[in-house]
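The values are calculated or read from the model by the stated rules, or taken from the named source; none is laboratory data. Everything numeric in this text was worked out from a predicted model, so none of it was measured. Glycine also receives a Cβ, built like all others from the backbone with ideal geometry; neighbour counts cover every protein chain displayed.
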């Protein structure tokens, strides 16, 4: 999708059309989630610190992200995609791979399907998308980027893109090799620095390197993987209904936390939100991970794998707090995260001889909480520790996802 979050906000408020619009956290520790092409004219990009974006364009309009609204549009998008083929692999709210090999007798060639999808998405959602058509997954991704609109000079508005970019068999290397090496999946800042030592600037430069040299510089798996991509070889299939590997929440705070008491409350709130999503998904997990980022940006993680899968707020919080007890918060904690991995379908509940012991009623309590929240909303019931002046401070998916907002002036 083209500038998805920003485009949805313009649909919701047409007065934002044509203005430099930034979606994300507008506080000192916020980041840009998405921005309009008018904002991109000033050099603003996704994942940029919001303070830097504000300096680049002081008159930009900031809008706090609304995950629920974007999720609703994402469902409408995926309904369109699955009407063309069941082989849809979602990789974000606004992005997916489709294998249309078996749909061509019904819908036409790959380029025809791409154009039809683009038109249907606009008809159904009012939003535009860019489509890449190619023989392999990562080239289709790169082609979709090449099909997007381009930001023009400030005040001029974007120039339209191709809409659909097609890379036909035999054209792969002609498209791929002139691209900057960062275009390849797996080439981040650290890998780029290593490649710089060999004078590698483009994908073609990388393709020309002997595989043994890449393996020596990057390691066996990473070196050979990038060499394969540089020659347009990608045998990964589209994977519909790909199961999540972990479920988690994390939050960046406007002010650092220095006490275990305040962090334990945050760990409980995050654990409650994680458990809510676990039970919605019908899964439980055996590994609980705590993530801590200090004021210095040093980041640590601590994990524990338990014997019985957990899916209730109390059981997740118990492990998370035990992990937290071993962390010294005195340097200041700017971010805390809780996640559960090693997931499997929620198991049946085995009756136990020690059923009268501590915690025996926890599954029944969790089911009751789940039912109340399903009927009356997730803020209807929860741990008393989370009760504040305006109700329960429950953690919702997408809530504060892009950093804290600006604090009110005194």
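Considering only the range 85-95, I want to know if a residue exists there that is surrounded by fewer than 19 Cβ atoms within 10 Å (Cβ to Cβ), touching a helix residue (DSSP H, G or I) at 6+ places or on another chain (Cβ under 7 Å) and farther than 18 Å from residue 141 by Cα.
Among the residues of the range 85-95, not one is surrounded by fewer than 19 Cβ atoms within 10 Å (Cβ to Cβ), touching a helix residue (DSSP H, G or I) at 6+ places or on another chain (Cβ under 7 Å) and farther than 18 Å from residue 141 by Cα, which makes the answer no.
As an exercise: evaluate residue 359 against (1) outside any helix (DSSP H, G or I); (2) at pLDDT below 70; (3) at negative phi; (4) surrounded by fewer than 17 Cβ atoms within 10 Å (Cβ to Cβ) and give the number of the one condition it does not meet.
(3)
Take the residues in the range 118-128 that are touching a helix residue (DSSP H, G or I) at 6+ places or on another chain (Cβ under 7 Å) and part of a helix (DSSP H, G or I); name whichever of them is nearest to residue 148 (Cα to Cα).
First pass over the range 118-128, keeping only residues touching a helix residue (DSSP H, G or I) at 6+ places or on another chain (Cβ under 7 Å): 120-121, 124-128.
Right, trim to part of a helix (DSSP H, G or I) and you get 120-121, 124-125.
Details: 120: 17, 121: 15, 124: 20, 125: 18 Å.
Ranking the candidates gives 121 first.
Of the residues 157, 102, which single one is without any contact (Cβ under 8 Å) to a residue 24 or more places away in the chain and surrounded by fewer than 18 Cβ atoms within 10 Å (Cβ to Cβ)?
On the way: 157 fails: without any contact (Cβ under 8 Å) to a residue 24 or more places away in the chain.
Answer to the check: 102.
Step by step: first the residues of the range 300-318, then only those that are under 25 Å from the mean Cα position of the chain (by Cα) and in a helix (DSSP H, G or I), then the one that is modelled with the lowest pLDDT. Which residue is that?
Taking the candidates together, the pick is 313.
Residues of the range 129-140 being within 23 Å of the chain's Cα centre (by Cα) and in a loop (DSSP other than H, G, I, E, B), which ones?
Scanning the range 129-140 gives 129, 130, 136.
Tell me, please, whether a residue that is in contact with a strand residue (DSSP E or B) (Cβ under 9 Å, 6 or more places away or on another chain), surrounded by 16 or more Cβ atoms within 10 Å (Cβ to Cβ) and not assigned by TED's automatic domain parsing to the domain that holds residue 75 can be found in the range 112-127.
No; the residues of the range 112-127 include none that is in contact with a strand residue (DSSP E or B) (Cβ under 9 Å, 6 or more places away or on another chain), surrounded by 16 or more Cβ atoms within 10 Å (Cβ to Cβ) and not assigned by TED's automatic domain parsing to the domain that holds residue 75.
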